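For reference, the structure discussed in these notes is given below.
The values are calculated or read from the model by the stated rules, or taken from the named source; none is laboratory data. Computed from a predicted model, the values in this text were never measured in an experiment. Cβ placement follows ideal geometry from the backbone for every residue including glycine, while neighbour counts extend to all protein chains displayed.
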């Protein structure tokens with residue numbers, strides 16, 4: 001039996017060879033109807049791609065785009081280093097953009113990256129992103145996207161996250177075992193996936209240890225710890241409660257260092273008066289006064305895995321049905337800030 | 001007198017209008033001989049560009065590339081935020097790459113950005129870059145480049161730096177006034193501009209205060225503070241001198257936090273036994289034990305100014321003769337780590 005080529009398919013369907021070629025690899029540039037036409041005909045005629053031609057595909061840019069909230073955060077800079085380490089070995093370029101927690105910038109960066117023909121996107125959502133249309137449209141067109149850390153429930157694709165529930169559960173349980181009972185939780189806006197997951201772990205740990213969940217000990221910070229005034233006001237309000245907390249568990253890097261700074265300024269003794277545990281990937285938590293007990297995410301590994309999953313989507317666009325959400329275990333580094341009362 | 005147009009110049013010189021247009025705005029895509037021909041003829045015929053046409057130039061990508069050693073460093077992330085704040089207002093996209101202190105990556109990133117037709121580059125040299133040909137070639141072709149922080153002497157263009165000499169002089173003088181006499185200096189490889197400038201300020205301050213410069217108190221760290229083993233060995237060697245230092249002045253973010261970590265591990269009392277001052281833009285230096293006296297660079301302003309200068313080169317390529325090196329004053333934040341003996 002003679003082998004059928006892209007040229008034959010193009011001729012039969014009155015399409016250009018480049019359209020057929022793109023349709024066969026599920027390019028987002030080709031409309032779904034044409035793709036259906038091409039793939040059905042190719043299947044019928046038992047078309048088999050030429051593996052050498054595959055490796056010569058001209059329209060790959062060999063670059064991928066990364067959009068994260070900000071780079072001045074150890075978690076995200078380590079995540080990027082993980083992405084880059086895999087990308088560099090495979091000859092991909094990594095183009096980095098910051099959303100600065102702005103939905104508008106996230107949309108603008110996405111459009112720019114697509115106009116520059118990146119082969120795929122790695123995204124960690126801005127804290128103000130509630131509308132996901134800019135990603136959904138691209139995915140419908142076949143652009144590979146993998147989400148990291150702050151991920152949307154509404155979109156089916158590969159996702160790489162930390163096991164936030166377990167990380168929070170462990171941190172809260174650690175404070176309970178250190179004899180604390182009134183444990184406050186500082187966190188980011190509620191509509192981020194990481195916020196709800198970390199809140200759920202905190203709540204479950206309290207309940208499993210017979211401590212009632214009390215909403216007044218939970219503070220949401222609209223600026224996620226970046227606004228010193230908001231940090232100060234929020235923590236002061238907690239400390240002025242009739243029964244102030246004897247421990248604080250903070251759910252982000254900025255909130256952890258911001259909280260320690262406020263407690264120092266307010267002359268609250270850590271850990272004697274208030275024990276402190278915080279999510280952070282800071283490399284200098286052991287230099288703090290007191291050294292800070294931290295929940296650390298394996299950011300480097302998460303970045304590597306996100307890039308591996310994205311490459312899989314780019315290089316095998318046909319096999320896009322089995323999406324994975326990979327959850328990575330966090331680790332608890334116990335230091336002085338959470339010592340027993 | 002009739003107005004001469006690009007079309008007229010093209011006809012007279014047997015060139016395409018697009019070549020003439022590019023030659024007139026000094027595009028790096030046009031060879032120098034053609035540029036000379038076009039600009040001489042345009043001058044002779046008193047050609048004046050049409051300001052409306054100028055704003056419609058099609059070949060601008062409205063994007064610029066930034067290559068820095070690493071983003072996981074507060075100085076560089078703040079520098080990028082400054083660059084982005086100006087870029088965003090002017091509608092430019094900022095594409096960020098890390099060299100990870102590798103000359104090869106710096107060259108590869110440069111080539112990639114140029115292939116993607118960025119309008120200009122903002123560069124802070126990797127610590128391993130000694131050959132500058134990859135930048136010199138692009139500048140000869142007319143690509144606008146502005147250097148920041150780690151800048152080459154050999155290339156004439158705009159440069160934005162901190163006043164490293166003064167910053168170092170002030171930090172060293174502060175330690176002398178706190179009663180210290182054997183002041184060690186931890187720094188990066190000697191061929192970086194920032195290393196020689198900071199070393200010179202340190203040396204001059206010692207000499208102005210009657211303290212002989214002594215090479216044995218200067219340690220160069222090939223990994224700039226990123227290698228814990230190298231940090232430990234270097235600082236131990238200093239502390240094992242017959243006359244160990246009574247103060248340390250470190251010249252980079254990583255060396256400052258790295259040094260504090262080693263001194264804590266080695267049970268060296270700061271500031272009683274060794275006072276410590278370091279260059280760093282860390283936002284958490286006041287949380288350290290003890291709070292760290294720092295030399296801070298106005299990174300945000302430096303980034304803004306670098307972007308302004310780059311925009312000037314992009315939008316007025318003709319006026320490329322008056323290059324500026326803008327030096328920004330650092331500030332000394334005195335905290336407990338450098339208290340008097």
Scope the stretch B:215-230; condition surrounded by fewer than 14 Cβ atoms within 10 Å (Cβ to Cβ) and part of a loop (DSSP other than H, G, I, E, B); matching residues = B:222
task = From the list A:193, A:252, pick out the single residue that is modelled with pLDDT under 95, under 30 Å from residue A:143 (Cβ atoms), surrounded by fewer than 21 Cβ atoms within 10 Å (Cβ to Cβ) and in contact with a strand residue (DSSP E or B) (Cβ under 9 Å, 6 or more places away or on another chain).
result = A:193
ask   = Which of (1) within 24 Å of the chain's Cα centre (by Cα); (2) in the same structural domain as residue A:153 (by TED's automatic domain parsing) does residue A:318 not meet, given it meets every other one?
value = (1)
query = When you go through (1) closer than 21 Å to residue A:73 by Cβ; (2) more than 14 Å from every other protein chain (Cβ to nearest Cβ); (3) out of contact with any helix residue (DSSP H, G or I) (no Cβ under 6 Å at 6 or more places or on another chain) one by one for residue A:249, which number turns out not to apply?
reply = (3)
task = From (1) surrounded by fewer than 24 Cβ atoms within 10 Å (Cβ to Cβ); (2) in contact with a strand residue (DSSP E or B) (Cβ under 7 Å, 6 or more places away or on another chain); (3) within 14 Å of chain B (Cβ to nearest Cβ), pick out the condition that doesn't hold for residue A:238.
result = (3)
note = Picked from the stretch B:101-122 (must be at the interface with another protein chain (Cβ under 8 Å from one of its Cβ atoms) and touching a residue at least 24 places away in the same chain (Cβ under 8 Å)), the residue surrounded by the most Cβ atoms within 10 Å (Cβ to Cβ) is B:109
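If a residue must be surrounded by 15 or more Cβ atoms within 10 Å (Cβ to Cβ) and part of a strand (DSSP E or B), how many such residues does the stretch A:296-332 contain? Quick ask: steps written out before the conclusion?
Taking the stretch A:296-332 and keeping what is surrounded by 15 or more Cβ atoms within 10 Å (Cβ to Cβ), we get A:296-315, A:317, A:320, A:326-328, A:330, A:332.
Next, from what is left, pick out any that are part of a strand (DSSP E or B): A:296, A:326-328, A:332.
Number satisfying all stated conditions: 5.
Mind checking which residues of the stretch B:76-90 are more than 10 Å from chain A (Cβ to nearest Cβ) and in contact (Cβ under 8 Å) with a residue 40 or more places away in the chain?
B:79, B:82, B:83, B:86, B:87, B:90
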request  = Pull up the stretch A:263-285, narrow it to residues that are under 15 Å from residue B:285 (Cα atoms) and surrounded by fewer than 19 Cβ atoms within 10 Å (Cβ to Cβ), then point me to the one that is farthest from the other protein chains (Cβ to nearest Cβ).
outcome  = A:265
Exclusive hit being under 20 Å from residue B:340 (Cα atoms) and not in a loop (DSSP other than H, G, I, E, B), set B:200, B:205 = B:205
message = Restricting to the stretch B:63-75, name every residue that is more than 7 Å from chain A (Cβ to nearest Cβ) and in a loop (DSSP other than H, G, I, E, B).
response = B:69, B:70, B:73
Every residue from the stretch A:78-90 that is in contact with a strand residue (DSSP E or B) (Cβ under 9 Å, 6 or more places away or on another chain) and buried (at least 21 other Cβ atoms within 10 Å of the Cβ) = A:79, A:80, A:83, A:84, A:87
key: Subset of the stretch A:133-157 (residues that are surrounded by fewer than 17 Cβ atoms within 10 Å (Cβ to Cβ) and under 24 Å from residue A:251 (Cα atoms))   = A:153, A:154
task = Restrict the check to the stretch A:169-177 and report whether at least one residue is assigned by TED's automatic domain parsing to the domain that holds residue A:105, within 20 Å of the chain's Cα centre (by Cα) and not in a loop (DSSP other than H, G, I, E, B).
result = no
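Would you call residue A:23 surrounded by 22 or more Cβ atoms within 10 Å (Cβ to Cβ), at pLDDT below 90 and not assigned by TED's automatic domain parsing to the domain that holds residue A:138?
Yes, satisfied.
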ask   = If you take the residues in the stretch B:279-311 that are without any contact (Cβ under 8 Å) to a residue 40 or more places away in the chain and more than 18 Å from the chain's Cα centre (by Cα), which one is nearest to residue B:118 (Cα to Cα)?
value = B:284
note = residue A:292 fails exactly one of (1) within 14 Å of another protein chain (Cβ to nearest Cβ); (2) at pLDDT below 95, namely (2)
message = Conditions first: (1) within 30 Å of residue A:226 (Cα to Cα); (2) facing chain B (nearest Cβ under 10 Å); (3) in contact with a strand residue (DSSP E or B) (Cβ under 8 Å, 6 or more places away or on another chain). Residue A:93 passes all but one, so which condition is the exception?
response = (1)
inquiry  = Yes or no: the stretch A:196-211 includes at least one residue that is closer than 25 Å to residue A:82 by Cα and either surrounded by 17 or more Cβ atoms within 10 Å (Cβ to Cβ) or in contact with a helix residue (DSSP H, G or I) (Cβ under 7 Å, 6 or more places away or on another chain) (or both).
reply    = yes
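Being farther than 19 Å from residue A:333 by Cβ and more than 11 Å from chain B (Cβ to nearest Cβ) narrows it down to one of A:201, A:210, so name that one.
Going through A:201, A:210 in turn, just one is farther than 19 Å from residue A:333 by Cβ and more than 11 Å from chain B (Cβ to nearest Cβ): A:210.
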ask   = Which one of the conditions (1) in contact (Cβ under 8 Å) with a residue 40 or more places away in the chain; (2) assigned to a helix (DSSP H, G or I); (3) within 20 Å of residue B:302 (Cβ to Cβ); (4) in the same structural domain as residue B:94 (by TED's automatic domain parsing) does residue B:138 fail to meet, given that it meets all the rest?
value = (3)
